[in-house]
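Here the structure is laid out as structure tokens; the discussion comes afterwards.
All of the numbers you see were taken from the coordinates with simple rules; none came from a lab. The structure presented is a predicted model; accordingly, all values stated were derived computationally and were not measured. Don't worry about glycine lacking a Cβ; one is built from the backbone with ideal geometry, like all the others, and counts go over all protein chains shown.
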Amino acid sequence: MRAVAGIALGIFTYVGAAFAVAGDGCDVAAHLVHADAELPRVAAAISKSKSLTVVVIGTTSSTLPGAGGQALAYPARLEAALQKKLPGVAVKVISMAKPRQTAADMAEGFPRLLRDEKPALVIWQTGTADAMKGVGAEAFQGTLEAAVDRLHEGGADVIFMNMQYSPRTDAVISTAAYADAIRWVALEHAVNLFDRQAIMRQWSELGTFDLLAATKSLDTAAKVHDCFGRMLAELIVEATTVQPDRPKDIDKQ
Amino acid sequence: MPPIEPAGRDLRLDLFRGLALWLIFLDHIPANIVNWVTIRNYGFSDAAEIFVFISGYTAAFVYGRTMQQRGVVVASARILKRAWTVYIAHIFIFVIFMAEIAYLTRSLDNPLYNEEMGALDFMKEPGDTLIQALLLKFKPTFMDVLPLYIVLLIGFPPVLWLLQRAPTVALALSVALYTLSWNLSWNLPSYPSGTWYFNPLTWQLIFVFGAWCGLGGVKRLRPFLQSRWLLGIAVAYLLFSFLVVMTSYFPRYAVYIPKWFQDWMYPIDKTNMDVLRFAHFVALALVTVRFIPADWPYLKSPVLRPMILCGQHSLEIFCLGIFLSFLGHFVTSEISRSMGMQIVISALGIFVMICVAWLLSWYKRIEGRGSGPQPNASNADLAGGEA
């Protein structure tokens, strides 16, 4: 897989460089976000009830620190971006990110989440905590598979978000097996994957954002999260309006 | 029953251990394009099985002879001294690792990475971390193999004693311990949570199996090794394993594996060395010895010499490989991750491993000359390269 991913990465980098001339900011990674599956429950919520509730569930990497952090983090940015794209629809994005939650911890709260919030879409950011705590990748995959089915039955579409691109911590957190598990479950269960890792790698390699600087400032982090929010909104709208071209994308990974 | 004395040095052991060391080095550089060549991508088992099996084989070969010639006490003392050496090597590597982490904690300070920073929390309690590392409970990523080897060596003297008297009983006991640990989830505890990544209670099976083979088991198995049927089964199993592993890279073909079969097969556990992994290694070994005999002419060719050299100094080269993979990771994360750089780092790392192995042989040769002729020179050589 690494070989294929590596070659794909090489191609992406090349293509991305071409994009970089035309676009700016987060656009250079836009080609890494594509709708592989439809979001029928989201489409129904938009067209029928004119209201869309999205729950973001995840860990610390779905938040930003400090007093203003919440407004700058991607769940809030997603709400703003979606609202702009969907005039006349009441958009609500609820962030339920908590530190150190494994996939199993989060899945435990799903019945309650479905009952209380009745979301049409759950954005599930996961993998990092499991890799850090050394939950087995196979057990992790099993948790995802069971939970995705439960979310679908409970009336929610799902978008997975994988871990951040963080090359410095590769030596202490080996995420590859977890990233593979997420990708696998996404394909098997026809769930969209927001490949945060590939996107951030692209930005880092093209120098769009300096992700590896030691800093306390929120400037870059806020831009990165704003991009996540806008790209997620793009993905959601694409997956509810156009017919996804699955066969083309399946070979990329 | 006196064990059948294996004659001379089997260069295949050095060759494949050298290969395993190279593969382990490549696998330990995160996000390295070159590690698509490593065998874990093509079947259930990987370089760890090769390494542990050959270590068991050579340990039995070397210390078995000592036990026969000098007695149980001397052989046990030598084995424990070896375990001590490996322990020191492990702690040395750990110190290098901590230095890398110390650098990371300073450079990682970024609000984006608050979560990932948590993985470095052990630096906040260096005292605790140090104690747990000395107890072999705290083992950073990729530093699990040597602790396994230390535990296997510590437990080895009675196993070797029994292997020389009743090899079949020893092997049966090993299988029994494997089965019990597997079913009752026995494993050693880790710090701060969890258990050992390589469970010594299950991985001992491949070590003891290696030792059993090293003490004449290969001769006992000869009729099986020459059976065409068994060869056919082994090849079929390798092919099956290859196809199954391929489905994880090309998920659209996974539908061809029936659901009930997937449920039965997965997870293929590395921590407890799943039976499927063990079988894969045995099949691989069977096919390998079939096509590469001990007197294979290429074993003496200069092309394979570097790999054999590395295999002959496995403890040193293993540690060097871990250090080089840290260094390689540092370069890929701080300087360049380009594909070219990954290839250069991989090639350079292997080149350095070869140079150091060559230097070690040279040093051993001049040392041996300085202290006069040594009757056990060939043994010492094997023992020195045994890890």
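Taking the Cβ-Cβ separation of A:Thr241 and B:Leu180 as r and a Förster radius of 56 Å, what is the calculated FRET efficiency to the nearest 0.05?
Values: r = 58 Å, r/R0 = 1.04.
With R0 = 56 Å, the Cβ-Cβ based efficiency is 0.45.
Got a sec? Charge dipole of chain B, +1 on Cβ for Lys and Arg, -1 for Asp and Glu; which of B:Ser55, B:Ala170, B:Phe351 is way out at the positive end?
Projecting each Cα onto the dipole axis, the largest value belongs to B:Ala170.
Hey, which of these cross-link pairs are over 20 Å Cα-Cα: A:Lys98/A:Lys223; A:Lys48/A:Lys118; A:Lys98/A:Lys133?
On the way: A:Lys98/A:Lys223 22 Å; A:Lys48/A:Lys118 15 Å; A:Lys98/A:Lys133 15 Å.
Exceeds cut-off: A:Lys98/A:Lys223.
Determine the dipole magnitude for the protein assembly as shown: charges of +1 sit on the beta-carbon of Lys and Arg, -1 on that of Asp and Glu, nothing else is charged, the reference point is the Cα centre, and the result goes in debye to the nearest 20.
Numbers: 54 positive and 51 negative charges, 326 e Å.
In total the dipole reaches around 1560 debye.
How much length, in nm to one decimal, is gained on full extension between B:Leu221 and B:Ala77, taken as 0.36 nm per residue of separation minus their Cα-Cα distance?
Values: separation 144, 0.36 × 144 = 51.84 nm, distance 3.08 nm.
Contour length minus Cα-Cα distance gives 48.8 nm.
Any idea how far the Cα center of segment B:11-39 sits from the one of segment A:88-149, in Å?
37
How would you rank B:His329, A:His152, A:His225, B:His313, going from fewest to most other Cβ atoms within 10 Å of each one's own Cβ? Write out the running numbers ahead of the final one.
Values: B:His329 22, A:His152 17, A:His225 25, B:His313 28.
Fewest-to-most ranking of B:His329, A:His152, A:His225, B:His313: A:His152, B:His329, A:His225, B:His313.
Given H placed 1.01 Å from N in the peptide plane, which residues other than close sequence neighbours of A:Ser95 have an amide H under 5 Å from its amide H?
A:Val56
If I take every Cα pair under 8 Å that is 6 or more residues apart in chain A, average their sequence separation and divide by the length, what percent do I get for the relative contact order?
30
Give the cross-link partners of A:Lys216 among the lysines, using a straight C-alpha distance below 16 Å as the criterion and excluding same-chain residues fewer than 8 apart.
none
Name the residues whose placed amide hydrogens come within less than 5 Å of the amide hydrogen of A:Ser51, ignoring near sequence neighbours (fewer than 5 apart) on the same chain.
For A:Ser51, whose amide H was placed from the backbone, the distant partners under 5 Å are A:Ala90.
Using the Karplus curve 6.51 cos²θ - 1.76 cosθ + 1.60 with θ = phi - 60°, what ³J(HN,Hα) values do you get for each residue of segment A:115-130, in whole Hz, with x for Gly and Pro?
For segment A:115-130, the Karplus curve yields 6, 6, 9, 6, x, 8, 9, 10, 9, 10, 8, 7, x, 5, 4, 5 Hz.
If you add up the charges near B:Thr271, with Lys and Arg at +1 and Asp and Glu at -1, over every other residue whose beta carbon is less than 14 angstrom from its beta carbon, what do you get?
Numbers: positive: B:Lys139, B:Lys270, B:Arg277; negative: A:Glu138, B:Asp46, B:Glu49, B:Asp144, B:Asp269, B:Asp274.
Charge balance near B:Thr271 sits at -3.
Give, in nm to one decimal, the length gained when the segment between B:Tyr103 and B:Ser301 is fully stretched (0.36 nm per residue of separation minus the Cα-Cα distance). Don't jump to the answer; show the numbers that get you there.
Values: separation 198, 0.36 × 198 = 71.28 nm, distance 4.37 nm.
Full extension from B:Tyr103 to B:Ser301 adds 66.9 nm.
Of A:Ala80, A:Ala186, A:Phe110, which is farthest on the positive side of the dipole of chain A, counting Cα position, with +1 on Lys and Arg Cβ, -1 on Asp and Glu Cβ, and the Cα centre as origin?
Selected residue: A:Ala80.
Count of lysine pairs in chain B with Cα atoms under 28 Å apart, counting only pairs 8 or more residues apart in sequence or on different chains?
10
Determine which residues of segment B:242-283 fall in the zone a paramagnetic label at A:Asp149 would reach in this model, i.e. backbone nitrogen under 19 Å from the point 7 Å along Cα→Cβ.
So the set is B:254-268.
How high is the FRET efficiency from B:Phe291 to B:Asp263, r the C-beta distance, R0 30 Å, rounded to 0.05? Don't jump to the answer; show the numbers that get you there.
Values: r = 35 Å, r/R0 = 1.18.
Calculated transfer efficiency: 0.25.
Using the number of other C-beta atoms within 10 angstrom as an exposure proxy, rank B:Arg65, B:Arg365 with the fewest first. Could the numbers behind the result be given before it?
Values: B:Arg65 19, B:Arg365 12.
In increasing order of surrounding Cβ atoms, one gets B:Arg365, B:Arg65.
Sticking with the crude label model, points 7 Å out along Cα→Cβ, report the distance from B:Asp121 to B:Thr85 in nm, one decimal please.
Using points 7 Å along Cα→Cβ, the separation is 4.0 nm.
Please rank B:Met117, A:Met163, A:Met132, fewest neighbouring Cβ atoms within 10 Å first, as an exposure proxy.
Lowest count first: B:Met117, A:Met132, A:Met163.
With label points built 7 Å along Cα→Cβ from the Cα atoms of B:Arg40 and A:Glu138, find their separation and express it in nm.
1.5
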